[in-house]
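All remarks here apply to the structure that follows.
Every read-out reported here was derived from the displayed coordinates using simple, explicitly stated rules and does not represent laboratory data. It should be emphasised that the depicted structure is a prediction, and the values quoted were computed from it without experimental measurement. Positions of Cβ are backbone-derived with ideal geometry, glycine not excepted, and every protein chain shown enters the neighbour counts.
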């Protein structure tokens, strides 16, 4: 398989390494900043400054869309129309209408569309998922997700601070990860959302937010994203009928049952790189007809929850999901 990478931003290096490890040819890299594209590209890869030229080149069978959020839908739709398979980074899009248009474009073209929700491939979350599936803590009842980030000016690319381009701030960017993994590990979609967001750094998008979810299976979840905290944190706690699981990519995954702690996974190597390699491998398998780990319906529901959280924060009232 020959792939093209569109967007030479922060995760480009992960995809380059993953392609090399899997024996997938990274044949082209595209970025409006061609210097960045050249820096991200392996030797021999073609450099493009316009994604349409890449689509028309015949050099690739599939593309990874790793661009500002508002470009996900148009670039994905154009790729499908060009007969290319697409792995698009999360968030899937910035509106439900765009999500539906992306799915329709792939169905019409007969191409594969997959959304890159990287949390499904993180080893700490996979260990938690396996333990839950085995019934170690019983049915999840309460979930608490806490993650820090940094939304101060100068700490990330300027487009992250544009609601038009990013679709929002910390919630749609970092919070989408938390919503995705919480729903996945709870084994249920959300039925209602209550949220609040704040801005602490005088930028045009929210820097912090808290989201409360009532899930269809009766579980309750709380998701908090905090900017510029005193230390980095990325922790998900899952309380079940018989015990709890704590998942953290930096500290490991452990279960606590009746006063006894059992390590389910300990950090070994680079878990983020491991996840990107597993994700790209899943995409390759999906092109071959294997069902990917993340369904398009799930990816769309994550956007539904994010948008409902924004609506709740604005109205100061819970929002029911259909």
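A few remarks follow.
- Cα-based helix-to-principal-axis angle, 271-287 vs the chain, degrees rounded to 10: 60
- Full extension of the chain between residue 81 and residue 315 yields a length gain of 80.4 nm, computed as 0.36 nm times the residue separation minus the alpha carbon distance.
- Helix 96-109 axis, angle to the chain major axis (alpha carbon atoms, nearest 10°): 50
- Gyration tensor (alpha-carbon) shape descriptor, segment 2-116, a/c threshold 1.5: prolate
- Cα-based helix-to-principal-axis angle, 72-81 vs the chain, degrees rounded to 10: 50
- Contact order normalised by residue count of the chain, Cα under 8 Å, 6+ apart, percent: 19
- Footprinting exposure proxy for 113, 142 (fewest neighbouring C-beta atoms within 10 Å first): 142, 113
- DSSP beta bridges in the chain [antiparallel fraction, %, rounded to 5]: 55
- Cα-based shape type of segment 187-255, given that a ≥ b ≥ c are square roots of the gyration tensor eigenvalues and the cut on a/c is 1.5: oblate
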